[in-house]
1. One residue is enough: does segment 55-63 have a residue meeting the conditions over 30 Å from S295 (Cβ atoms) and assigned to a loop (DSSP other than H, G, I, E, B)?
2. Does any residue of segment 144-157 turn out to be at pLDDT 85 or above, surrounded by fewer than 18 Cβ atoms within 10 Å (Cβ to Cβ) and more than 30 Å from I113 (Cα to Cα)?
3. Can you spot a residue in segment 182-197 that is open to solvent by 50 Å² or more (accessible area, probe 1.4 Å), within 33 Å of the chain's Cα centre (by Cα) and farther than 17 Å from P69 by Cα?
4. How about segment 205-247: which of its residues are in a loop (DSSP other than H, G, I, E, B) and buried (at least 16 other Cβ atoms within 10 Å of the Cβ)?
5. Which of the following residues is open to solvent by 60 Å² or more (accessible area, probe 1.4 Å), in contact with a Gly (Cβ under 7 Å, 6 or more places away or on another chain), closer than 25 Å to S167 by Cα and in a helix (DSSP H, G or I): R88, R100?
6. Could you list, in sequence order, all residues of segment 158-181 that are within 30 Å of A54 (Cα to Cα) and open to solvent by 60 Å² or more (accessible area, probe 1.4 Å)?
7. Can you name the residue in segment 296-318 that is at pLDDT 75 or above and hydroxyl-bearing (S, T, Y) and is also farthest from R41 (Cα to Cα) among such residues?
8. So which of R52, R3 is at pLDDT below 75 and more than 30 Å from K289 (Cβ to Cβ)?
Amino acid sequence: MKRKIIPILLVLAVAGAAVWWFLLRPKKEEETILAGSIEARTVEVGSLVGGRVATVHVDEGDRVEAGQPLVTFETDLQDLQIAEQSARIAEARANLERTRIGPRREEVQRARIDYESAEVDRKRFEQLWKQGVVARREYDGAQVKAALALETLREAQRGGRREDIASAEAALAQAERQLSYLERQRQETVVTAPASGVVETMDLRPGDLVGANQPVASLLEENQLWVRVYVPEPQLGQVHPGQPAAVFIDTYPDRAFPGKVVEISNQGEYTPRNLQTLDQRSDQVFGVKVRIDPSPDLKAGMSATVRLDQAGSQPQSKLGSLRR
């Protein structure tokens, strides 16, 4: 009798252990695994003027900060143009100052002497004309010469006209604007990073010629690399902003790229649009944006698999437990 009881007890013990294992043991949360493709925002960096490359400051894969030099072009031609325009500005400024001050005292004095001399000749010719020694035409010539000398003296005494001053000011302003334009072109000889990021492409060497408005490098902006995935509605409660994620790509299947959920769409997408049963709700999906830490190994368009970390996920609804 005892021999029959022992096997029965063993069978019951095994059955009890199996029941506990499948029904009563703590269940591990299922991983949320989603598929999508990598999207990125890249910046094509170039120069408005181009030129011959003098120095390449970075290589592909380097991390750069905003404002950091990437490529420097030769500047000898721009420097010559700036020096020439600076000389023109100095000339225009001197001309404006001369116009404002007007003629020098020596010039005014010379104009007075010329007038006095012309007036003496006019009076002498007037007497000779009255005496009949000279013709009226010679007297008229002396009279015109004296009048012109008088007007020249008055002009010298008045100084520069407002119109002349305004013209000189406009010439100076135009020369200064041209210098600003040349200096701005000079700045374009140094190509800098517009934002922090990683150099994705850089294929230049010193001596290379680069055309104006031609990109010289491609930057992957920091925090601007992400995967767009779509989460079925029953799993949406397992996803929340800030949730850590691991991203895998086919090229590096054993390498996990860290990321996190940064955006969840507020509106779902339906296929079909009219839901008839509870099971069809699994066809309703919500777009989720998972941001990835920047890396030169990641390219836009790559297929990616996203594994969401369930630690700290929001509690599931009662409806989800009922459906299970």
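The values are calculated or read from the model by the stated rules, or taken from the named source; none is laboratory data. No experiment lies behind these values; they were computed from the predicted model shown. Positions of Cβ are generated from backbone atoms using ideal geometry, with glycine treated the same way; all protein chains shown enter the neighbour counts. These accessible areas exclude ligands, DNA and RNA; they are computed on the full protein's heavy atoms, side chains included. Shrake-Rupley method; radii C 1.70, N 1.55, O 1.52, S 1.80 Å.
1. The first filter runs over segment 55-63 and keeps only residues over 30 Å from S295 (Cβ atoms), leaving none.
No, segment 55-63 contains no residue that is over 30 Å from S295 (Cβ atoms) and assigned to a loop (DSSP other than H, G, I, E, B).
2. There is no residue in segment 144-157 that is at pLDDT 85 or above, surrounded by fewer than 18 Cβ atoms within 10 Å (Cβ to Cβ) and more than 30 Å from I113 (Cα to Cα).
3. Within segment 182-197 (the criterion being open to solvent by 50 Å² or more (accessible area, probe 1.4 Å), within 33 Å of the chain's Cα centre (by Cα) and farther than 17 Å from P69 by Cα), the answer is yes, since at least one residue qualifies.
4. Within segment 205-247, V239, Q243 qualify.
5. Matching residue, one of R88, R100: R100.
6. Within segment 158-181, E176, R177, Q178, S180, Y181 qualify.
7. Among residues in segment 296-318 that are at pLDDT 75 or above and hydroxyl-bearing (S, T, Y), the one farthest from R41 (Cα to Cα) is T305.
8. On the way: R52 fails: at pLDDT below 75.
Going through R52, R3 in turn, just one is at pLDDT below 75 and more than 30 Å from K289 (Cβ to Cβ): R3.
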